[in-house]
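Below is one structure, written out as structure tokens; comments come after it.
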Amino acid sequence: MLKNLSVTNMLYGIGAAIVILGALFKIQHWEGGSLLLTIGMVTEAVVFAYSAFDKKTENETDKSRRTDPYDPKAIIDAQKEYVKEIKGAIKNISLINEVHQNQLKLVKGSTDAYKKINTEANSLAQQTYFMSKTYYSILKAMKG
């Protein structure tokens, strides 16, 4: 595992970890937060400066771009890959549409429920109004 790591990647990770710890110390107002942030940021700056001059290895270059653009086999392979990507996109869009349709059904059901609640609330308000009016009339009659 460690033999696949480059020194640059390791320094990126260490610098980022120190910056995150420094930020945590600063947020919590613990001692040493400023120092940790400074060390981490300096480490990141040095690694960024170093990586600007880092040569790419053979494995890091994109070999697929070096194929002959007029090679029929390469064209067919590229077309197959494109069709595969499009089929995946169609499948994803279909799933999104299905979820959207289900959400619309839920909204419609909620809207119908709200309409029913509103109708019942209006009916309750009318009945309460008539009861109040009747009660008022009774009290008025009792007073004479």
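I'm checking my understanding of the structure. Among residues of the range 17-33 that are touching a helix residue (DSSP H, G or I) at 6+ places or on another chain (Cβ under 7 Å) and of a type outside the set (A, V, I, L, M), which one is surrounded by the most Cβ atoms within 10 Å (Cβ to Cβ)? Full working, then the answer.
Kept after step one, since they are touching a helix residue (DSSP H, G or I) at 6+ places or on another chain (Cβ under 7 Å), are these residues of the range 17-33: 18-19, 21-23, 25-26, 32-33.
Those still in the list that are of a type outside the set (A, V, I, L, M) too: 22, 25-26, 32-33.
Values: GLY22: 20, PHE25: 17, LYS26: 14, GLY32: 12, GLY33: 17.
So the residue we want is GLY22.
Yes or no: LYS73 modelled with pLDDT under 85 and over 30 Å from the mean Cα position of the chain (by Cα)? Quick ask: steps written out before the conclusion?
Numbers: modelled with pLDDT under 85: no; over 30 Å from the mean Cα position of the chain (by Cα): yes.
No.
Would you please list the contacts, defined by Cβ atoms under 8 Å and residues six or more apart or on different chains, that run from a residue in the range 5-30 that is of a type in the set (D, E, K, R) to a residue that is surrounded by fewer than 12 Cβ atoms within 10 Å (Cβ to Cβ)?
That search, which allows pairs on different chains as well, returns LYS26/SER34.
The values are calculated or read from the model by the stated rules, or taken from the named source; none is laboratory data. Not measured: the values here are computed from a predicted model. Please note: Cβ atoms are built from the backbone with ideal geometry, for glycine as well, and neighbour counts cover all protein chains shown.
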